[in-house]
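What follows is calculated from the coordinates using simple rules that are stated; it is not laboratory data. Nothing here was measured: the structure is a model prediction, and the numbers come from that model. Because the Cβ atoms are built from the backbone with ideal geometry, glycine has one as well, and the counts that use them run over all protein chains shown.
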Amino acid sequence: MQRFASVAATSLAVLTALALTTLPGSGRPHPAPTAYASPAASVRGHAEQGPLEALFGSENRRMRTTRRVVALTFNAAWDETGVATVLDVLRERHVPATFFPTGQFAERHPAAVRAMAAEHGIGSHSYSHPLFDDLTCPQAADEVLRADRAIRAAAGKEPLPFFRFPYSATTPRGIACVNELGYADIEFTTDTQGYLGPAGGITVQKAVDRVVRDLVPGQIVQMHVGADTGQDAALDAEALPRIIDAVQARGYRIVDLGAVLLPRQG
């Protein structure tokens, strides 16, 4: 893992300078995406490609395995409703998960992010949750780097080099921009849509059914903590015990996403 941290740190240091000198309002033109080619070459220029680099250039919507394993993930972009419940359930069931907070969430709720990171892996879901289709590479870099600083400060530990696009709105160009920063794009196989709640037609049973319907080796499940303005408590917190039971009852094991995607070498 130390190698992955140094790779990401090198890319982030170089690209911070690029991003900060080409932000909107700086009076300087945005460089074309090719401006990021040099740092990317240094990241991927090793004679032997490592597990992190092997994830570049892809959406990574499933873990690359034939084993009957599932990874649970939670996005965090609103308030901290449901965070304590989710962490309690995961602890009681001895089940790992990976959290993808936004940088703004980390700034507003640092204690929640530190609690997540104390027991589970933590990635990034951008700083302000914009649609990346509308961003240039320098603007995307600003979102990623600001999120990294906020999440790192709140978590008090090295985050995983995992990035999940807001709205799962991936494009080849967007993925390339994120990869240049030393991050792999980690999306999902199925979304419970628990964030919609009963007002959006989702019940606990429907959330469970969506996971079971798409159950395959290497499945990555997306859930959410927090509630948007005007919504009730996050439904995924209530559904989590039943999701765990349903997955395990079908002979699947819930695994740590980071440990599977970035296995320790040597």
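Could you list which residues have their amide H under 5 Å from that of PHE74, counting only those 5 or more apart in sequence or on another chain, with H placed in the peptide plane?
Amide H to amide H, under 5 Å and 5 or more residues apart or across chains, PHE74 pairs with THR98, PHE99, PHE100, MET223.
Once amide H atoms are placed 1.01 Å from N in the peptide plane, what residues at a sequence separation of 5 or more from VAL69, or on another chain, have their amide H within under 5 Å of its amide H?
GLY218, GLN219, ARG253
Which shape class applies to the range 88-220: rounded if a/c is under 1.5, otherwise prolate when a/b exceeds b/c and oblate if not, where a ≥ b ≥ c are the square roots of the Cα gyration tensor eigenvalues? If you can, show how the numbers build up before the last one.
Numbers: a/c = 1.74, a/b = 1.26, b/c = 1.38.
Oblate, since a/c reaches 1.5 and b/c is not below a/b.
Would you mind pulling out the separation of the Cα centroids of the range 47-117 and the range 204-253, in Å?
14 Å
Hey, fewest Cβ within 10 Å first, where do PHE99, PHE188 land in order? Don't jump to the answer; show the numbers that get you there.
Working: PHE99 31, PHE188 22.
Lowest count first: PHE188, PHE99.
Compute the orientation-averaged projected area for the range 153-213 from the convex hull of its Cα atoms and round it to one decimal in nm². Intermediate values should be presented prior to the final figure.
Values: hull surface 24.7 nm².
That works out to 6.2 nm².
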